[in-house]
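Have a look at the structure below, then the notes.
The values are calculated or read from the model by the stated rules, or taken from the named source; none is laboratory data. Predicted model only: the values in this text are computed from it and were never measured. Virtual Cβ from ideal backbone geometry, glycine too; neighbours counted across all protein chains shown. SASA here: full protein model, heavy atoms, side chains in, ligands and nucleic acids out. Shrake-Rupley method; radii C 1.70, N 1.55, O 1.52, S 1.80 Å.
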Amino acid sequence: METVRQVTYQLSNFPDFICLNITSNFDEASNVILKESPDLIFLDLDMRLPEMGCFEFVNQLFQYTEHLPNFVGLSESKEMAYLTIKNDFVDYVLKPVSEFEMRKCMLRFKKKASKQVNRLCLKNNSDYHYIDIDDILYLQADNNTTDIFLNTGNKIAAFETLKKFQEKLPKFFIRIHNSYIVNSQQINRINFGKSKISLHANFETVNLPFSRKYKDSVKFFNDHMISVQFATILN
């Protein structure tokens, strides 16, 4: 538990991060990762658990999702740094965890996240249409196609399902209804009494319903209002 204490203490200096879970059980960790899709995982590489090794655990996740979170390895041994690079970890922190090393780690992660692709490519046969993700206000299902509404007032038809877009868009796009995904950065009001979300566009305010099925997603956004999440420190 000392590693957990060190990491959580140092991360208290970064209020825009929230801890979703702490566990030493691989099954529980997998469930949290697949359910909550955290951005960052701190993984204690010095664990001695009978069911599998840490790197085997990470590789096993590829059976269930193509979009893994970023992993940071924690270890008392400098030799583990090479293995983290081989397994595509975003960073490595030597234990005991110091404030300086954690600060460098978090700043590197933020820099990497800020460089992620911010454009969406829509393909129709040989026609490619590129749009800035930040310009998307919301997406609406239309049978097996999707209408993409921009904050300029324009609408673009895409020949993919809403589920496909949910898988490829950044996590600040949240599903609020079987028919809607919204850009949470454009939300300016949530009315839980009327089950309505208001989005602020350049041309007008747009009101959309959210369903009981996705109420927890809306509540989670409302409770935390953050862009980055970390989870599952295995110790």
- prompt: If you scan segment 139-155, which residues turn out to be modelled with pLDDT of 90 or more and either on the phi > 0 side of the Ramachandran plot or among the β-branched types (Val, Ile, Thr) (or both)?
  reply: 145, 146, 148
- prompt: Got at least one residue in segment 155-171 being open to solvent by 20 Å² or more (accessible area, probe 1.4 Å), among the basic types (Lys, Arg), in contact (Cβ under 8 Å) with a residue 40 or more places away in the chain and under 27 Å from residue 54 (Cβ atoms)?
  reply: yes
field: Selection from segment 75-123 of residues that are among the polar types (S, T, N, Q) and touching a residue at least 60 places away in the same chain (Cβ under 8 Å)
entry: 98
Looking only at segment 33-42, and only at residues there that are in contact (Cβ under 8 Å) with a residue 12 or more places away in the chain and open to solvent by 20 Å² or more (accessible area, probe 1.4 Å), the one that is nearest to residue 96 (Cα to Cα): 39
query: Taking helices (runs of 4 or more DSSP H) that fall entirely within segment 1-106, which contain at least 3 residues that are in contact with a helix residue (DSSP H, G or I) (Cβ under 7 Å, 6 or more places away or on another chain) and within 30 Å of residue 221 (Cα to Cα)?
result: 26-36
message: If I ask for residues that are within 30 Å of residue 57 (Cβ to Cβ) and modelled with pLDDT under 65, which ones from segment 199-235 would you list?
response: 226, 227, 228, 229, 230, 231, 232, 233, 234, 235
Subset of segment 55-103 [within 19 Å of residue 25 (Cα to Cα) and touching a Cys at 6+ places or on another chain (Cβ under 7 Å)]: 72
query: Is there a residue in segment 211-225 that is more than 21 Å from the chain's Cα centre (by Cα) and either in a loop (DSSP other than H, G, I, E, B) or surrounded by 13 or more Cβ atoms within 10 Å (Cβ to Cβ) (or both)?
result: yes
message: Of all residues being surrounded by fewer than 13 Cβ atoms within 10 Å (Cβ to Cβ) and in a helix (DSSP H, G or I) in segment 111-133, which is farthest from the chain's Cα centre (by Cα)? Just the residue, please.
response: 111
